[in-house]
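Encoded as structure tokens, the structure appears first; notes follow it.
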Amino acid sequence: MQVLQAGGEKYILLELEPEAIGGIASQAGFEAQLEERERAWVIHITAQDRKTPLLLFDAADPGNLGWFSRCQFYVDGASGNVLQTPLAIANLRDRRGNLLSNGLRVHIAKEISARFKLPGRIAVNEQMIYQVFYNLLHALQNVGVGLCGGPSVRALAGRGENTALRF
């Protein structure tokens, strides 16, 4: 981890290891394709052996209330940002443009404001990002992630119009 001074702002430059990111995805039951960009890591995750959609639920649907109340993470549906984290998600699509119900694109920022704190006022470092990343992947497989509004990210499970696959 490095600290960068840019004018009056300080930024934390995270030095994430691709082997660690891939290992975390594998531990959580995902296959991962990593792409390092100048300011972020982009990870395409797919749960190949999963028969049901990832647990990304539309929070506005009253039918998903039970799932929504158990969620550890919430996603802004307009931007894809996972709230209170330096992560963002986006849907993956097949060649015909249909949503893939067993995969997502995860974006991990490498540059974070020094003022940014994780929930509980926890400072950001590489180990904390690895932990948040694992917890998000675990929630997508087992607990559920709430999707709040917006047209950019679509729900993959549950009831409602936005789901990729209905039960």
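The values are calculated or read from the model by the stated rules, or taken from the named source; none is laboratory data. Since the model is a prediction, treat every value here as computed from it, not as a measurement. Here Cβ is always computed from backbone atoms with ideal geometry, including for glycine, and neighbour counts include all displayed protein chains.
Of all residues in segment 14-31, none are within 14 Å of the chain's Cα centre (by Cα) and polar (S, T, N, Q). Determine whether Gln127 is at pLDDT 95 or above, exposed (fewer than 15 other Cβ atoms within 10 Å of the Cβ), out of contact with any Leu (no Cβ under 7 Å at 6 or more places or on another chain) and among the polar types (S, T, N, Q). For Gln127, the condition - at pLDDT 95 or above, exposed (fewer than 15 other Cβ atoms within 10 Å of the Cβ), out of contact with any Leu (no Cβ under 7 Å at 6 or more places or on another chain) and among the polar types (S, T, N, Q) - is met. No other residue among Leu118, Leu83, Leu136, Leu99 is under 23 Å from Ser26 (Cβ atoms) and either among the aliphatic types (A, V, I, L, M) or over 12 Å from the mean Cα position of the chain (by Cα) (or both) apart from Leu136.
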